[in-house]
Amino acid sequence: MKQQILDKVQALLPELPLAQLAEAPKLEEHGDIAIPFFLLSKERKQSPVHIAKEYEEKLRGFQIPEIAKVEAAGPYLNIHISLSYKAKSVLENIAEKSKTHSSFYETATKQKILVEYPSPNNNKALHLGHVRNIFLGNSLSKILKKTGNTVFKVNLNNDRGIAICKSLLSYKLWGEGKTPESEKQKSDKFGTYYYTLFDKENKAHPELKLEEKAQELLRLWEAGDKETLDLWRRFIDWMLEGNKETYKNYKISFDKEYFESEIYKEGKEIVQKAFENKVQGFAKDESGAIFVDLEDKNLGKKFLLRSDGTALYMTQDLYLAYEKEKLFHPDKYVFIVGSEQEYHFHVLFELLSRIGFGGNEKNFHLSYGMIYLPEGRMKSREGNVVEADELLAEQKALAKENLKERNPNLSEEELEKRAQIIGYSSLAFFILKFNPRSDFVFNPKESLSFEGETGPYVQYTYARICSILRKAAYKEKAPDFTEYSDKELALINTLAKYKDALEEASEQYKISALAHYLVQLCKKFNELYQNEPILKAGEKRKQALLYLCSCTASIIKDALDLLDIEVLEEM
RNA sequence: GGCCUCGUAGUCUAGUCUGGAUAUGAUAUCAGCCUUCUAAGCUGAGGGUCGAGGGUUCGAAUCCCUCCGGGGUCGCCA
């Protein structure tokens, strides 16, 4: 819309480099298009205030029907688009798109994108850190898909290694043959107990040399010792089963799951071949270990094959890259992994680039910051974590309490359903509104509220709109667009910006842009709601306002869905 | 120590990539608004050396340099 008007102006004023100058003003009162004249002022040796004044007169003379007002404000020239033209153009587009369920923004590139998450260590129940990972992954996948990409989701289970062996040892020593069934516990929670128990006993009794014994168990596991493998299989199945249940609560599904235990030895050929082909930086040291020298990239030296020829973590990741390429042929890989692994991914992408596999342009590490508790960093080993299952259950319980107070006559079934949706949204929105890079402190008592910039605030706004439409028995019909007044201007302007928010979220993987947009949109609607009794307006104006309500609801629903949050028509 | 990253009101946060008009909101506090479309809402007030200093520019929270502070990471671990 703006572009069309800009084109018109450009045709009339060919001497102005509008594409370069024009910008969107920050303040509503400055209109829709602003042209600063600082640059021209230098060229023409005239004051920008003077030039702005000159063009104000010129532009007024043209009498462009879509332009309501042209105003020189100091060194700026502000252009106001006519309200009825704007309303028609913005709202009709929304109504059309929602009717056909099409996207408000489509990417030009339309890639096949593989999103890898949450890839947990399967030696413990999932906690708040994973929750952040999962929300980011779920939402990003939806956004990328909706904007025209094909998305695959894969999960790498880290189901082997020293951490698991600590749990195994602990269970062997103190488990007394108990099982999740015998203890009536969720199976991953049962397993987590033995992991933290190891740490506790290890600290209390260094004389038991538990670390060494765990190492020994790892050696047995790698040597294929049957007893160890059987015990591991039993234990890891408990963990995987428990994780799976959590995934269900958090609505994740995968196109493919990988298991480290199945691939941890792979990748030797890739490294060997790269060495033989003298790929840049690849070298062998005197003990026969192969490493790659990345000093030129400030990444140091990275070993890829031990002197005994066995693979390392990085080697396995190279192999996995090949496997994923073979199966999916994606254009782009997105890894959703905590910021503590940034170095690892810098190295991985550099290696992939050197062996001809696409570097930074094909791979992206969506890195997110740590979550701290008021008492410090979360440490699974020590058990001071907020567990994913409990977190969701608590939010739901809180929402339920709230609902009961507001609506004592709700059936238990309806209560349950609404509490589930509201609890989930408060959690998801709380996490997604942050810039993922930033660390934050999670205070369970204070962090999650239902007021202010929250999921429930957005849902509440949606429910309010639904209530109005219900009471008016609204049937969609294009209104008389001249019925709109300045009271609705802010809301209409914000609706027009949805496309930009979605574009930012999709192209720059910036989910928080969408969350912030939603808060802004709801705020504008609530302001209107408070000042304008919609159902009491005259018939024609009411029709126009209802149409606006309906469009707003469509956008809220569309954007919430991309954050993987459901809407409620009543709250 | 090297590298990465963050620093914006009591607390949390947007804006930084791509410099532009009066720095965005939330929360907490205080003062108002429910016989009127759902008060999980709205209005108003107070609260800021945008970590510090220098530079570039007509113009810097934004770009460059130095420094300070927090976090991460630097293994033939995963």
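Here are some notes:
- When each of A:328, A:335 is tested for being within 29 Å of residue A:505 (Cβ to Cβ), touching a residue at least 12 places away in the same chain (Cβ under 8 Å) and in contact with a helix residue (DSSP H, G or I) (Cβ under 9 Å, 6 or more places away or on another chain), the lone residue that passes is A:335.
- Any pair with Cβ under 7 angstrom, 6 or more apart, that starts in the range A:78-105 at a residue that is closer than 12 Å to residue A:495 by Cβ and ends at one that is modelled with pLDDT of 95 or more and not in a helix (DSSP H, G or I): A:87/A:484; A:97/A:104
- Residue list for the range A:342-356, restricted to those being surrounded by fewer than 18 Cβ atoms within 10 Å (Cβ to Cβ) and either touching a residue at least 24 places away in the same chain (Cβ under 8 Å) or not assigned by TED's automatic domain parsing to the domain that holds residue A:135 (or both): A:342, A:343, A:344, A:346, A:354
- Enumeration of residues in the range A:236-287 that are of a type in the set (A, V, I, L, M) and closer than 30 Å to residue A:137 by Cα: A:236, A:239, A:240, A:252, A:263, A:270
- Residue that is farthest from residue A:383 (Cα to Cα), among those in the range A:156-213 that are polar (S, T, N, Q) and more than 16 Å from RNA strand B (Cβ to nearest atom): A:182
- Residues in the range A:179-196 that are in contact with an Asp or Glu (Cβ under 8 Å, 6 or more places away or on another chain) and either of a type in the set (Phe, Trp, Tyr) or not assigned by TED's automatic domain parsing to the domain that holds residue A:241 (or both): A:190 alone.
- Cβ separations smaller than 9 Å between residues 6+ apart or across chains give the following pairs from the range A:279-301 residues that are surrounded by 15 or more Cβ atoms within 10 Å (Cβ to Cβ) to residues that are among the β-branched types (Val, Ile, Thr) and in a helix (DSSP H, G or I): A:282/A:271; A:290/A:271; A:292/A:271; A:292/A:347; A:294/A:347; A:299/A:347.
- When residues of the range A:255-278 are limited to those that are touching a residue at least 24 places away in the same chain (Cβ under 8 Å), in a loop (DSSP other than H, G, I, E, B) and surrounded by fewer than 18 Cβ atoms within 10 Å (Cβ to Cβ), the one nearest to RNA strand B (Cβ to nearest atom): A:265
- Count - residues of the range A:112-149 that are touching an Asp or Glu at 6+ places or on another chain (Cβ under 6 Å) and in a strand (DSSP E or B): 2
- Sole residue being in the same structural domain as residue A:134 (by TED's automatic domain parsing), within 32 Å of the chain's Cα centre (by Cα), surrounded by 14 or more Cβ atoms within 10 Å (Cβ to Cβ) and part of a helix (DSSP H, G or I), chosen from A:228, A:246: A:246
- For the range A:517-537, the condition of being over 27 Å from residue A:138 (Cβ atoms) and more than 11 Å from RNA strand B (Cβ to nearest atom) holds for none of the residues.
- Counting only helices (runs of 4 or more DSSP H) that fall entirely inside the range A:1-106 and contain at least 1 residues that are surrounded by 15 or more Cβ atoms within 10 Å (Cβ to Cβ) and within 16 Å of RNA strand B (Cβ to nearest atom), the qualifying elements are A:2-12, A:18-21, A:38-44, A:48-62.
- Cβ separations smaller than 6 Å between residues 6+ apart or across chains give the following pairs from the range A:35-57 residues that are closer than 12 Å to residue A:77 by Cβ to residues that are in a helix (DSSP H, G or I) and among the small types (Gly, Ala, Ser): A:37/A:52; A:48/A:41.
- Just one of the listed residues (A:191, A:224, A:281) is touching a strand residue (DSSP E or B) at 6+ places or on another chain (Cβ under 9 Å) and not β-branched (Val, Ile, Thr), and it is A:281.
- Test: residue in the range A:424-441 that is in a loop (DSSP other than H, G, I, E, B), surrounded by 16 or more Cβ atoms within 10 Å (Cβ to Cβ) and more than 9 Å from RNA strand B (Cβ to nearest atom): no
- Qualifying residue in the range A:462-476 (condition: more than 9 Å from RNA strand B (Cβ to nearest atom), modelled with pLDDT of 95 or more and either closer than 26 Å to residue A:389 by Cα or buried (at least 20 other Cβ atoms within 10 Å of the Cβ) (or both)): no
- Single residue of A:125, A:204 found to be without any contact (Cβ under 8 Å) to a residue 12 or more places away in the chain and of a type in the set (A, V, I, L, M): A:204
- Failed item, numbered, when residue A:498 is tested on (1) away from RNA strand B (no atom under 12 Å from the Cβ); (2) surrounded by fewer than 20 Cβ atoms within 10 Å (Cβ to Cβ): (2)
- Residue satisfying condition, being at pLDDT 95 or above, over 19 Å from residue A:263 (Cα atoms) and surrounded by 23 or more Cβ atoms within 10 Å (Cβ to Cβ), within set A:152, A:135: A:135
- Exactly one residue among A:289, A:274, A:311, A:283 is within 29 Å of residue A:170 (Cβ to Cβ) and small (Gly, Ala, Ser), and that residue is A:311.
- Elements of the type helices (runs of 4 or more DSSP H) sitting completely within the range A:304-421 and holding at least 3 residues that are closer than 26 Å to residue A:282 by Cα and away from RNA strand B (no atom under 13 Å from the Cβ): these cover A:313-328, A:342-354.
The values are calculated or read from the model by the stated rules, or taken from the named source; none is laboratory data. Please read these numbers as outputs of a predicted model, since none were measured by experiment. So basically every Cβ, Gly included, is an ideal-geometry build from the backbone, and we count neighbours across all protein chains shown.
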